[in-house]
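Asks: The structure is given below, and queries will be raised subsequently.
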Amino acid sequence: MTRALAALMTLTTTLAHAQTQGIDTVWTLTELNGTPFPATTTLVFDAEGRFSGQAPCNRYSSGTAVPPPAFQAEPILSTRMACPDLDAETAYFLALSSMTEVRITGDVMTLTNPDGDALTFTATE
């Protein structure tokens, strides 16, 4: 019984850590589908399941209704400024909207989907 209780406590602690890991960290996009991303883009999760950041042209925000490691972006809201990197921003928003899983290993966060697409971020703060 003691081993079962210890295992349950370990699992509970691991799940709690997984749900809070990466909160308030500024993540900078480094790759989209294995290709270096050409423009500065950030993402920050808060404790309420929302996220926001700076895309190549615009600030954006959204949320996810599922707990980690699952990921499902709600509609993304953004400002509407134009810039030379608007194509890169559109590609990022499309990719972000398709992601279904988030994994954090050290200072690297990867969002993936069943199609093999991936967004790779590095912690910057």
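Asks: Any residue at all in the range 9-30 that is in a loop (DSSP other than H, G, I, E, B), at pLDDT 95 or above and more than 14 Å from the chain's Cα centre (by Cα)?
Replies: No, the range 9-30 has no match at all.
Asks: Please enumerate the residues belonging to the range 81-104 that are closer than 14 Å to Thr30 by Cβ and more than 12 Å from the chain's Cα centre (by Cα).
Replies: Ala88
Asks: Let me confirm something: among Pro56, Pro38, Pro69, which residue is surrounded by 17 or more Cβ atoms within 10 Å (Cβ to Cβ), touching a helix residue (DSSP H, G or I) at 6+ places or on another chain (Cβ under 8 Å) and not small (Gly, Ala, Ser)?
Replies: Details: Pro38 fails: surrounded by 17 or more Cβ atoms within 10 Å (Cβ to Cβ); Pro69 fails: surrounded by 17 or more Cβ atoms within 10 Å (Cβ to Cβ).
Only one candidate qualifies: Pro56.
Asks: Let me ask another. Would you point out the residue of the range 37-60, among those that are under 12 Å from the mean Cα position of the chain (by Cα) and not in a loop (DSSP other than H, G, I, E, B), that is farthest from Phe121 (Cα to Cα)?
Replies: Initial filter on the range 37-60 (under 12 Å from the mean Cα position of the chain (by Cα)): 41-46, 49-53.
Pick out the ones that are also not in a loop (DSSP other than H, G, I, E, B) and you get 42-45, 50-53.
Details: Thr42: 8, Leu43: 8, Val44: 11, Phe45: 13, Arg50: 17, Phe51: 14, Ser52: 14, Gly53: 12 Å.
This residue is Arg50.
Asks: Across the range 73-86, what is the number of residues that are surrounded by 14 or more Cβ atoms within 10 Å (Cβ to Cβ) and either out of contact with any Leu (no Cβ under 9 Å at 6 or more places or on another chain) or not in a loop (DSSP other than H, G, I, E, B) (or both)?
Replies: Residues of the range 73-86 surrounded by 14 or more Cβ atoms within 10 Å (Cβ to Cβ): 73-74, 76, 78, 85-86.
Then keep just the ones that are either out of contact with any Leu (no Cβ under 9 Å at 6 or more places or on another chain) or not in a loop (DSSP other than H, G, I, E, B) (or both); that gives 73-74, 78, 85-86.
Matching residues across the range 73-86 total 5.
Asks: Could you please find all residues in the range 34-78 being touching a residue at least 60 places away in the same chain (Cβ under 8 Å) and either of a type in the set (D, E, K, R) or under 16 Å from Ile104 (Cα atoms) (or both)?
Replies: Within the range 34-78, Thr42, Leu43 qualify.
The values are calculated or read from the model by the stated rules, or taken from the named source; none is laboratory data. Keep in mind that what you see is a predicted model, and the values were worked out from it rather than measured. Don't worry about glycine lacking a Cβ; one is built from the backbone with ideal geometry, like all the others, and counts go over all protein chains shown.
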